[in-house]
Amino acid sequence: MASNGDRFAHLAQPIRVGAVTLRNRIVMGSMHTGLEGHQTEAAFDQLARFYAERARGGVGLIVTGGFAPNEAGRLKDEPATMQTGEHVRLHRRIADAVHADGGLIVLQLLHAGRYGYHDKVVAPSPIRSPINKYTPAELSDAAIEETIADYVKAARLARGAGYDGVEVMGSEGYLISQFLAPRTNRRTDRWGGPLENRARLPLAVVAGIRSALGPAFLILYRHSVLDLVEGGLPWDETVWVAGEVALAGADVISTGFGWHEAKVPTIAGVVPQAAFAEHIRRLKAAVSVPVTASNRINSPAVAERLIASGICDLVSMARPLLADAEFASKAFAGNAKRVTTCIACNQACLDHYFEDRPISCLVNPRAAREAEFRPLPVTRKKRIAVVGAGVAGLVCAIEAARRGHEVVVFEAEASIGGQMTLAARIPGKADYAEVVRAYAAQLAGLGVRIHLGRRATAPQLMADGFHEIVIATGVRPRALDLPGADDPRVVSYDAALSGAAGVGTCVAIIGAGGIGHDVALYLAHPDPAEATDPARFAHRWGVGGAPSPAPAPRQVILLKRSPGPFGRSLGKSTGWILRQELRDLGVQQLAGVTYHEIDEAGLHLTAEGQRQCIAFDTLVVCAGQVPNRSLADELFAAGLGVHVIGGAKFAVELDAKRAIEDGTALGCAI
Ligand SMILES: Cc1cc2nc3c(=O)[nH]c(=O)nc-3n(C[C@H](O)[C@H](O)[C@H](O)COP(=O)(O)O)c2cc1C
Ligand code: SF4
C-alpha cells in the first residue's frame with residue numbers, strides 16, 4: 001500500500017490558470033510528431049489517439065506540437081499550418097478526442113523564422129542560421145503586421161476547432177526569439193534596436209490573441225529563459241519580457257532553454273534531471289502568472305519536489321509522456337514505480353524527427369503508434385515461457401501478461417536488464433537502470449514470475465508444456481579475430497563495463513560504433529557523478545555552477561577500421577555531445593586502421609600508410625555482437641516452433657530500440 005507521501009500531493013493539486021482549472025500540475029509539453037504535415041484524416045486520427053491516450057492517462061493539460069500561423073513560418077516544407085477551415089475540420093478530431101477522455105488541450109503556434117527548412121524562410125534580419133542552409137528574407141514592416149494578424153487568426157481557428165487555448169512559442173531560437181535577440185535582429189525600425197522594439201512582435205501577438213478571443217481562452221507563452229547563444233537576451237531583459245507578456249494577456253509562462261544552434265546540451269542524457277530549476281525559480285519570483293518548469297523532469301518525485309519547493313507552479317514533461325502515457329495516473333494511484341522512465345536518448349523521438357520519420361519512443365514503441373500495437377485482451381489464455389530478461393524479453397512478457405496470458409520469465413543471470421543494465425554505467429545513462437526498474441515493477445504488478453539465476457534448458461521447457469516459448473537470450477560480444485587476441489590484457493566491452501575485468505590507465509579500444517564511443521567516455525570520464533549534478537553540469541557547459549572535476553583518469557585511444565570521421569552512426573541530436581565530451585577528455589582517435597597482431601609490446605597496426613605499435617595496459621574489444629541463440633537452435637532442431645526476438649534473432653547493429661520494438665510487437669500479437 002502506497003503512503004500518501006508517494007501520491008505526490010503537490011503535483012496532484014488542481015490549479016486555476018486564467019479562466020480554466022487544471023485537474024493537476026502536469027502539462028504534456030509540446031512535441032512535433034511528424035504527423036502534423038500529413039493533412040489527412042488518417043494522420044489526424046492517429047494524433048487524436050495519441051493525445052487521447054495521454055488525456056486518459058490523467059495529465060492536467062496537453063500542448064500539441066507546433067503548427068505555423070502561416071506558410072513562411074513552417075518548420076519544414078510541409079503544410080503543418082493553422083490557416084483554413086479544412087485545418088479546423090482536421091484539428092477538431094484531436095480536440096474532441098481529448099475532451100471525450102477528460103483532458104484539456106491547447107494548440108501550439110510556432111513560427112520557425114530562420115529555422116524553417118524550406119526556401120520561403122523569413123526573419124527580422126537576413127542572417128542565416130548556422131544550422132540551416134536557407135538564408136531568410138527580411139520581413140517588411142507590413143509583413144510583420146500580417147504575421148501578427150496570422151497568429152491571431154490561427155488562434156481564432158484553434159478555438160473553432162475546439163482547443164482550450166494556444167501556446168505561443170517564444171523560445172528555442174524560433175521567430176520570436178529571433179526578434180528579441182540582438183544576435184538575429186539588426187533592424188533599425190520600430191521592430192529593432194531597444195528592447196521595447198524587439199519585444200513588440202511577441203507582445204502584439206499575445207495582446208492581439210487576448211483581445212480577439214477574450215478572457216476565457218487560455219494563452220500560454222513559451223519563454224526562452226536561457227538562450228545559451230552569444231547575442232542572446234541578458235537576464236534582466238529575459239525577466240522584463242516575461243513580465244510584459246503576462247501583462248499583455250498570457251495566463252501561463254512556459255519555459256524553454258537554449259536555441260537549437262546553442263552548443264550547450266539542454267535535453268540529452270548528460271543534462272541532469274531538472275538541471276534548469278534554479279533559473280526557473282528566479283523567473284517565477286519575477287512574474288505574477290503561473291510558471292511551468294521544463295526540460296529533463298522525468299519522474300513524479302522530481303516533479304513533486306519542484307512544485308513543493310515553490311520553484312514552479314506547473315511541470316511540463318514532453319518526452320516522459322511519450323515514454324509512459326499513464327505517467328500521471330500511475331503516480332497519483334501510488335504506482336510511481338511502474339512509470340516507464342524517459343531516458344533522454346532521443347533515439348526514437350528527436351532523431352526520428354530529424355530523419356523525417358514519425359516519432360515514437362525507444363522504451364515505449366506504442367507511443368504515436370497506438371493503432372499499430374494494440375494490446376487487446378486475449379480470448380484464450382496461454383502459458384508462455386520467456387527465456388531471457390533483457391529488455392526484449394521483459395517488454396514481451398509485460399504486453400503478453402497485460403493481455404491476460406500467464407507468463408513465466410527465465411533468466412540465467414542473477415539480475416534482469418541485460419545490456420540495458422550495463423549501459424546504465426555510462427555517464428549520462430543512469431536513467432537506463434530506471435527503465436529496467438520500471439519494467440520489473442510492471443511485471444510484479446501483473447503477477448509475472450521471474451526465475452533469476454535459472455538457465456532454461458530445452459528438455460525442461462519441453463517438459464513444462466508451455467503453449468508458447470519466446471527466446472530472448474540476447475547477444476554476446478564478438479571475439480577479436482587477431483593473432484595474440486588471447487592476451488589476458490584483451491577484454492570485451494561487457495567485462496570492462498561490468499567490472500568483471502580490471503582496466504589499466506593506458507587503454508586502446510577497438511571498434512568505434514555506439515558502444516566503442518560509450519566505453520571511451522566511461523573509461524576516460526573522471527567523475528560519472530557529474531552527469532547527475534546540475535551544478536557540475538552547469539559549470540561544465542558554461543551555464544554557471546560548481547568548479548569542474550579532475551582531469552581524465554586514463555589515456556584512451558579509440559580505433560576503427562573504416563576511414564573518415566568518428567561517430568557518424570551516432571544520433572544527430574546526441575552524437576555531437578558525445579564527440580565533444582571525448583574531445584574535451586583528450587580521447588585520441590585513429591581511423592582507417594588495419595590490425596596485424598597483439599604481442600607484449602602492444603597492438604600492431606597500419607594507419608595512414610605507416611606501421612605502428614600502440615602500447616596498452618588494457619585493450620577493450622567493441623567489435624560488435626553475435627546472437628546468443630543456441631537454445632533456440634536446439635528447440636528448433638527438436639521440432640518446436642519457438643519465437644526468437646531481439647538480439648537472439650539478429651545481432652547486427654542491435655540497439656535497445658529494435659529489441660524493445662521486437663518484444664512489444666510479439667507481446668501484443670502472441
Ligand atoms: C520530438 C520532439 C519534438 C518537439 N517539438 C517541439 C515543438 O514543436 N514545440 C516546442 O515548443 N517544443 C518541442 N520540443 C521540445 C519539448 O517541448 C521539450 O522542451 C523538450 O523535449 C525537453 O523537455 P522533456 O525533457 O520534458 O522532453 C520537441 C521535443 C521533441 C523530443
Ligand atoms: S525515445 Fe528516448 S528520449 Fe525519446 S521519449 Fe523515448 S526514452 Fe525519451
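The values are calculated or read from the model by the stated rules, or taken from the named source; none is laboratory data. From a predicted model like this one, the values you see are computed outputs, not experimental measurements. We place every Cβ from the backbone using ideal geometry, glycine too, and count neighbours over all the protein chains shown. Just the protein is used for accessible areas: all its heavy atoms, side chains included, with ligands, DNA and RNA removed. Shrake-Rupley method; radii C 1.70, N 1.55, O 1.52, S 1.80 Å.
Where both partners of a DSSP beta bridge lie in the chain, what percent of those bridges are antiparallel, to the nearest 5? Provide the component values of the computation, followed by the final result.
Numbers: 16 of 79 bridges.
Counting only bridges with both partners in the chain, antiparallel ones make up about 20 percent.
Compute the Cα gyration tensor for segment 484-548, then decide on rounded, prolate or oblate, letting a ≥ b ≥ c be the square roots of its eigenvalues: rounded whenever a/c is under 1.5, prolate when a/b is larger than b/c in the other cases, and oblate in all that remain.
Values: a/c = 3.17, a/b = 2.64, b/c = 1.20.
Judged from the Cα gyration tensor, segment 484-548 comes out prolate (a/c at least 1.5, a/b above b/c).
Go through segment 305-319 residue by residue and turn each phi into a ³J(HN,Hα) via Karplus (6.51, -1.76, 1.60, θ = phi - 60°); whole Hz please, and just put x for glycine and proline.
With coefficients 6.51, -1.76 and 1.60, one gets 4, 5, 6, 4, 8, x, 5, 8, 9, 9, 10, 8, 10, 9, 4 Hz.
In whole Hz, with x marking every Gly and Pro, tabulate ³J(HN,Hα) for segment 186-195 from phi via Karplus 6.51 cos²θ - 1.76 cosθ + 1.60, θ = phi - 60°.
These are the phi-based 3J(HN,Hα) values: 10, 6, 10, 8, 6, 9, x, x, x, 3 Hz.
What does the charge add up to near Gly256, with Lys and Arg as +1, Asp and Glu as -1, over the other residues with Cβ less than 12 Å from its Cβ? Let's see the in-between values first.
Values: positive: Arg222; negative: Glu167, Glu172, Asp227.
With Lys, Arg at +1 and Asp, Glu at -1, the neighbours total -2.
Under the rule of at least 5 residues apart or a separate chain, name every residue whose amide H is placed under 5 Å from the amide H of His451.
Val409, Phe410, Glu411
Around Gly504, which amide H atoms from residues at least 5 apart in sequence, or from another chain, sit under 5 Å from its own amide H, with H modelled in the peptide plane?
Sorted by chain and number, the residues that satisfy this are Thr618.
Can you list residues whose amide H is under 5 Å from Leu218's amide H, if they're 5+ apart or on another chain and H is modeled 1.01 Å from N?
Amide H neighbours of Leu218, under 5 Å, 5+ apart: Gly165, Val166.
Once you sort the root eigenvalues of the Cα gyration tensor of segment 358-439 as a ≥ b ≥ c, which label holds: rounded (a/c under 1.5), prolate (a/b larger than b/c) or oblate (the other case)?
Details: a/c = 3.32, a/b = 1.27, b/c = 2.62.
Oblate.
Work out, in µm²/s and without decimals, the Stokes-Einstein translational diffusion coefficient of segment 171-257 at 25 °C, 0.890 mPa s, Rh from Kirkwood over C-alpha pairs. Walk me through the numbers before you get to the answer.
Details: Rh = 13.0 Å.
Stokes-Einstein gives a translational diffusion coefficient of 189 µm²/s.
In nm, what is the difference between 0.36 nm times the number of residues separating Leu640 and Ser329 and their Cα-Cα distance? Write out the running numbers ahead of the final one.
Working: separation 311, 0.36 × 311 = 111.96 nm, distance 4.14 nm.
Extra length available between Leu640 and Ser329 comes to 107.8 nm.
Which order do peptides 338-349, 7-18, 406-417 fall in by mean Cβ count within 10 Å, highest first?
Values: 338-349: 25.0, 7-18: 17.1, 406-417: 19.4.
Ranking, from highest mean packing down: 338-349, 406-417, 7-18.
Please go through the residue pairs Lys429/Lys649; Lys560/Lys657; Lys153/Lys572 and name each one whose alpha carbons sit more than 29 Å apart in this structure. Walk me through the numbers on the way to the answer.
On the way: Lys429/Lys649 26 Å; Lys560/Lys657 24 Å; Lys153/Lys572 35 Å.
In this structure, Lys153/Lys572 lie more than 29 Å apart at Cα.
May I ask for the angle, rounded to the nearest 10°, between helix 41-56 and the longest principal axis of the chain, with both axes built from Cα atoms and the value confined to 0 to 90°?
Taking the Cα atoms of the chain, the angle to 41-56 is about 80 degrees.
Keeping every protein chain present and rolling a 1.4 Å probe, give me the accessible area per residue for segment 206-252 in Å². Could you put the intermediate results ahead of the total?
Working: 1540 Å² over 47 residues.
For segment 206-252, the per-residue accessible area is 33 Å².
Quick one: if the Förster radius is 41 Å, what FRET efficiency do Met462 and Glu370 give, using the C-beta to C-beta distance and rounding to 0.05? Display every interim value, and only then the final one.
Values: r = 37 Å, r/R0 = 0.90.
Efficiency, from the Cβ-Cβ distance: 0.65.
With θ taken as phi - 60° and the coefficients 6.51, -1.76 and 1.60, list the Karplus ³J(HN,Hα) couplings across segment 202-207 in order, rounded to whole Hz; mark glycine and proline as x.
Per-residue couplings from phi come out as x, 5, 5, 5, 5, 5 Hz.
Which of His352, Thr379, Leu314 sits farthest toward the positive end of the charge dipole of segment 284-427, with +1 on the Cβ of Lys and Arg and -1 on the Cβ of Asp and Glu?
So the residue furthest toward the plus end is Thr379.
Hey, what angle do you get for helix 391-402 against the long axis of the chain, alpha-carbon based, 0 to 90 degrees rounded to 10?
Relative to the chain, helix 391-402 is tipped by roughly 70 degrees.
At a Cα cut-off below 18 Å, give the lysines reachable from Lys382, other chains included and same-chain residues fewer than 8 away excluded.
none
When ranked by the protection proxy of mean other Cβ atoms within 10 Å per residue, highest first, what sequence do the peptides 442-451, 31-40, 639-648 form? Don't skip to the end; give the middle numbers.
Numbers: 442-451: 17.2, 31-40: 19.1, 639-648: 21.3.
Per-residue Cβ counts within 10 Å, averaged per peptide and sorted highest first, yield 639-648, 31-40, 442-451.
What angle do you read, to the nearest 10 degrees and between 0 and 90, between the alpha-carbon axis of helix 85-100 and the longest principal axis of the chain?
Approximately 60 degrees, to the nearest 10.
Of all the Cα-Cα pairs you can form in segment 193-240, what percent are over 12 Å apart?
Values: 790 of 1128 pairs.
Result: 70 percent of Cα pairs exceed 12 Å.
Heads up, I need the accessible area for Met420: 1.4 angstrom probe, whole protein in place, Å², nearest 10.
10 Å²
Over the Cα atoms of segment 29-185, compute the convex hull volume and normalise it per residue, giving Å³. Mind dumping the intermediate values first?
Details: hull volume 15.4 nm³, N = 157.
Measuring per residue, one finds 98 Å³ for the Cα hull of segment 29-185.
Dipole of the chain, Cα-centred, from +1 at each Lys and Arg C-beta and -1 at each Asp and Glu C-beta, to the nearest 20 debye?
That gives the chain a dipole magnitude of about 1120 debye.
Using only the Cα atoms of the chain, what semi-axes does the equivalent ellipsoid have when each is the square root of 5 times a gyration tensor eigenvalue? Give whole Å, largest first. Write out the running numbers ahead of the final one.
On the way: eigenvalues 392, 205, 95 Å².
Sorted largest first and rounded, they come to 44, 32, 22 Å.
Go ahead and estimate [θ] at 222 nm for the chain from helices alone: -39,500 (n - 2.57) per DSSP H run with n ≥ 4, summed, over the residue count, rounded to 500. Numbers along the way, then the final one.
Details: 23 runs with 227 residues, N = 670.
Helix-only estimate at 222 nm: -10000 deg cm²/dmol.
Going by a ≥ b ≥ c, the root eigenvalues of the Cα gyration tensor, does segment 1-95 fall in the rounded group (a/c under 1.5), the prolate group (a/b larger than b/c) or the oblate group?
On the way: a/c = 2.68, a/b = 2.23, b/c = 1.20.
Taking the square roots of the gyration eigenvalues as a ≥ b ≥ c, segment 1-95 is prolate.
In square angstrom, rounded to the nearest 10, how much accessible surface does Phe332 have for a 1.4 Å probe?
Solvent-accessible area, nearest 10 Å²: 50 Å².
Can you tell me which of 202-213, 591-602 comes out highest on packing, and rank the rest after it, using the mean Cβ neighbours within 10 Å?
Details: 202-213: 21.0, 591-602: 15.3.
Going from most to least packed, we get 202-213, 591-602.
Got a number for the accessible area of Lys120? Probe 1.4 Å, square angstrom, nearest 10.
Looks like 120 Å² after rounding.
Among Leu452, Val620, Pro534, whose Cα sits farthest toward the positive end of the charge dipole of the chain (+1 at Cβ of Lys/Arg, -1 at Cβ of Asp/Glu, about the Cα centre)?
Leu452
When ligands, DNA and RNA are left out and all protein chains stay put, how many square angstrom of accessible area per residue does segment 35-88 have with a 1.4 Å probe?
On the way: 1560 Å² over 54 residues.
On a per-residue basis, 29 Å².
Over segment 467-594, with the other protein chains present, what is the accessible area per residue in square angstrom, probe 1.4 angstrom?
45 Å²
At 1.4 Å probe size, with the rest of the protein present, what percent of the exposed accessible area of the chain is carbon and sulfur atoms?
Numbers: 13150 of 25490 Å².
C and S fraction of accessible area: 52 percent.
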